[in-house]
Amino acid sequence: MAIRRRTWRNVDGERVEGTWRHAFIRNGGDHFLTDLLIYADGMVDCWGLETLDGFAGKLASGWVATDLPEGARASAHHLASWKFAEPKSWLTPEMLLGEVRDDIDRLNGVPDSTGRCLAAVDVFRDAPTEANRNAVREAYEAIPEHLRRYALGDMDRKDFPLRVIVAGPEKQIELWGGSTVDVTDEMHASALEYFAEREQLRKRYETKTPADGPTEPVESSVLINQVVFPRGWPENPGTLVLRNEFPSPLVIGNRTYPTVAHAYWVLAVADEHRQAEILGAERPYDAQKLAEGSALRDDWPQVRVAVMTRLLRAKFQQHPEFAETLMATGATRLIYTEVGSAFWGEHGLEGRNWMGRLLELTRSELVAAKLDIAP
């Protein structure tokens with residue numbers, strides 16, 4: 001089966017999603033272990049981009065090798081080389097081509113061969129005609145042969161109920177040991193009931209609410225933009241009060257800091273004289289520039305998240321009006337833009353958004369305290 005790890009390639013500035021799996025390329029009689037890259041636009045990279053038809057030709061020619069001869073030389077580039085001894089390949093060219101087709105379907109978010117077969121079963125259950133049974137049979141046979149037993153995800157029954165539907169009453173099906181059995185009306189009815197129960201389970205699963213709530217925000221994200229106001233902050237700043245540079249005097253120990261940004265940079269630098277300069281800086285921007293030219297405390301990368309967490313807690317505890325603004329964002333994802341820091345902020349497709357995460361944590365603590373359920 002395909003590994004289904006994700007990759008991508010750039011086509012005219014557009015990202016084309018892909019996946020990859022191991023494969024052998026036979027070149028000049030030698031076999032090279034490589035990565036077969038499969039993309040959503042139907043292109044396959046097997047030491048060169050090919051269409052799906054071109055890839056099928058590479059399989060037919062043995063360039064992409066599924067037959068591994070005894071004693072043939074093989075290598076993994078810059079890793080090892082060896083000769084095959086008693087090789088056994090699990091795939092035929094048809095099987096591998098079927099898997100690649102399924103990969104392309106999944107990358108495009110459409111049903112693969114198994115999904116199409118199960119959809120045909122649903123149609124047959126609603127209208128059990130021989131024409132619809134034939135459609136199930138065709139869809140079943142389109143599943144790569146070695147994957148059919150996994151079609152139902154049931155390792156006890158494997159694909160037995162599916163094969164019963166495909167065959168129909170008074171027909172024979174082969175068991176896994178090689179023997180055959182006649183399909184009775186009772187067996188057929190039992191197979192239909194099996195799929196009816198699967199449908200009920202699927203509907204219950206899709207409507208089931210996780211015990212701990214949703215894994216993703218239930219509303220649109222809130223973007224806390226990095227904005228410069230030469231004439232001062234707007235009269236109604238809205239969520240801009242969540243910015244670290246927004247004026248919000250906070251008392252930590254025996255010091256009062258004009259903003260969270262001032263406090264962060266004062267605590268970051270090791271030199272006491274530079275700390276005083278940063279504390280007195282007119283703007284958060286100036287505070288940061290002073291810190292950039294200074295030596296930071298030892299192990300600052302280890303402690304900075306804890307320090308920022310403490311500062312945010314102090315800010316919103318000491319400024320309840322700002323806390324209300326933060327809590328009003330609900331359960332949304334908070335995206336904190338920060339051009340100069342890929343750690344604290346997010347800019348375009350880059351950034352770890354730690355400030356957004358810590359604001360979400362602080363918001364959760366504030367709501368829990370308001371509900372009197374915090375420890």
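The values are calculated or read from the model by the stated rules, or taken from the named source; none is laboratory data. Bear in mind that the values here come from a model prediction, so they are computed numbers and not experimental data. Methodologically, a virtual Cβ is constructed for each residue, glycine included, from the backbone with ideal geometry; neighbour enumeration extends over all protein chains shown.
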If you go through the stretch 140-156, how many residues are buried (at least 21 other Cβ atoms within 10 Å of the Cβ) and not in a loop (DSSP other than H, G, I, E, B)?
1
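Results for (1) of a type in the set (Lys, Arg); (2) in the same structural domain as Arg133 (by TED's automatic domain parsing), shown as yes or no for each residue.
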{"position": "Met187", "(1), (2)": "no, yes"}
{"position": "Phe195", "(1), (2)": "no, yes"}
{"position": "Lys203", "(1), (2)": "yes, yes"}
{"position": "Gly213", "(1), (2)": "no, no"}
{"position": "Glu216", "(1), (2)": "no, no"}
{"position": "Asn236", "(1), (2)": "no, no"}
Mind checking which residues of the stretch 303-345 are farther than 18 Å from Gln226 by Cβ and not in a helix (DSSP H, G or I)?
His319, Ala328, Gly330, Ala331, Thr332
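What about Thr51, is it among the β-branched types (Val, Ile, Thr), surrounded by fewer than 19 Cβ atoms within 10 Å (Cβ to Cβ), over 22 Å from the mean Cα position of the chain (by Cα) and more than 18 Å from Pro144 (Cβ to Cβ)?
yes
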Among the residues of the stretch 303-335 satisfying the criterion of being under 29 Å from the mean Cα position of the chain (by Cα) and basic (Lys, Arg), which is surrounded by the fewest Cβ atoms within 10 Å (Cβ to Cβ)?
Arg333
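Per-residue answers, yes or no, for (1) more than 27 Å from the chain's Cα centre (by Cα); (2) over 24 Å from Ala74 (Cβ atoms); (3) not β-branched (Val, Ile, Thr):
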{"position": "Thr7", "(1), (2), (3)": "no, no, no"}
{"position": "Val11", "(1), (2), (3)": "no, yes, no"}
{"position": "Arg21", "(1), (2), (3)": "no, no, yes"}
{"position": "Arg26", "(1), (2), (3)": "yes, no, yes"}
{"position": "Leu37", "(1), (2), (3)": "no, no, yes"}
{"position": "Lys58", "(1), (2), (3)": "yes, no, yes"}
For the stretch 1-74, give me every one of the strands (runs of 3 or more DSSP E) that falls completely inside it and has 1 or more residues that are over 21 Å from Leu91 (Cα atoms).
5-11, 14-27
Count of the stretch 323-332 residues which are within 15 Å of Leu358 (Cα to Cα) and either in contact with an Asp or Glu (Cβ under 8 Å, 6 or more places away or on another chain) or not hydroxyl-bearing (Ser, Thr, Tyr) (or both):
6
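With the stretch 176-277 as the region, which strands (runs of 3 or more DSSP E) entirely inside it contain at least 1 residues that are free of Cβ contacts under 8 Å to residues at least 60 places away in the same chain?
On the way: elements: 180-182, 222-224, 250-252, 255-257.
Fully inside the stretch 176-277 and qualifying: 180-182, 255-257.
For the condition within 31 Å of the chain's Cα centre (by Cα) and closer than 13 Å to Tyr264 by Cβ, what is the one hit in Glu360, Glu338? Explain how you work it out, then say what you get.
Details: Glu360 fails: closer than 13 Å to Tyr264 by Cβ.
Being within 31 Å of the chain's Cα centre (by Cα) and closer than 13 Å to Tyr264 by Cβ holds for just one of Glu360, Glu338, which is Glu338.
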